[in-house]
1. Mind telling me which of the residues Gln5, Gln25, Gln91 ends up being without any contact (Cβ under 8 Å) to a residue 24 or more places away in the chain and not in a helix (DSSP H, G or I)?
2. When you scan segment 82-92, do you find a residue that is buried (at least 18 other Cβ atoms within 10 Å of the Cβ) and in contact with a Lys or Arg (Cβ under 8 Å, 6 or more places away or on another chain), even just one?
3. Collect the residues in segment 28-50 that are part of a helix (DSSP H, G or I) and buried (at least 22 other Cβ atoms within 10 Å of the Cβ), keeping them in residue-number order.
4. Would you point out which residue out of Ala161, Ala102 is in contact with a Lys or Arg (Cβ under 8 Å, 6 or more places away or on another chain), modelled with pLDDT under 80 and open to solvent by 50 Å² or more (accessible area, probe 1.4 Å)?
5. Tally time: how many residues in segment 14-37 are touching a Pro at 6+ places or on another chain (Cβ under 9 Å) and of a type outside the set (D, E, K, R)?
6. Give the residues of segment 1-32 that are under 22 Å from Trp147 (Cβ atoms), more than 14 Å from the chain's Cα centre (by Cα) and not aliphatic (A, V, I, L, M), sorted by residue number.
7. One residue is enough: does segment 51-68 have a residue meeting the conditions aromatic (Phe, Trp, Tyr) and buried (at least 19 other Cβ atoms within 10 Å of the Cβ)?
Amino acid sequence: MTPRQMGMAAGAGSALLLAAALGFQAAGYAPCELCILQRWPHLAAAVAGALVAVLGWRRWLAALGLVAALAAFGLAVYHAGVEMQLWAGPQHCSGGVSNLAAMSTQDLLAAINAAPVVRCDQVAWSLFGISMAGWNAICSAGLAALWLACLRGRDRQRGLA
């Protein structure tokens, strides 16, 4: 597989992950704030892959794709950790109200009304015990490896590696 083909495949992989996320949303699985945040790096990687297809292999496009895939991986690992209660997520998205006893009734109602409908610390769907965030982490790691191979493959073609 040529570096250009690898870049196009990695970009297509991110586009497929975006399509899957939108498909789950259309099927009634509302995304939480962290789910939506994880989509942005995949959008950048999909655009990088499309530009590789149009412009040909460019080091900066492959680097952009790699950085975007690594960002998607990091966000997905963070989200999966929040779901598994390994660390706290954003307070406004993971439940919990700090200093509840000190809040007035109006402040409490305002906090409830401002709270997102979908919590980040609850798994909405899983397959083989792995949540959507976990699957995103796995797929993003694979896409990052593909982008890295794209970069290294071009160097090998030139005899630099």
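The values are calculated or read from the model by the stated rules, or taken from the named source; none is laboratory data. These figures come from a predicted structure and were not determined experimentally. Glycine gets a Cβ as well: all are built from the backbone with ideal geometry, and neighbour counts include every protein chain shown. The protein model used for the area step is the full one, side chains on, heavy atoms only, and it has no ligands, DNA or RNA in it. Shrake-Rupley method; radii C 1.70, N 1.55, O 1.52, S 1.80 Å.
1. Gln91
2. no
3. Selection gives Leu34, Cys35, Gln38, Pro41, His42, Ala45, Ala46, Ala48, Gly49.
4. Answer to the check: Ala161.
5. 6
6. Listed by number, the residues that qualify are Thr2, Pro3, Arg4, Gln5, Gly7.
7. Within segment 51-68, one or more residues are aromatic (Phe, Trp, Tyr) and buried (at least 19 other Cβ atoms within 10 Å of the Cβ).
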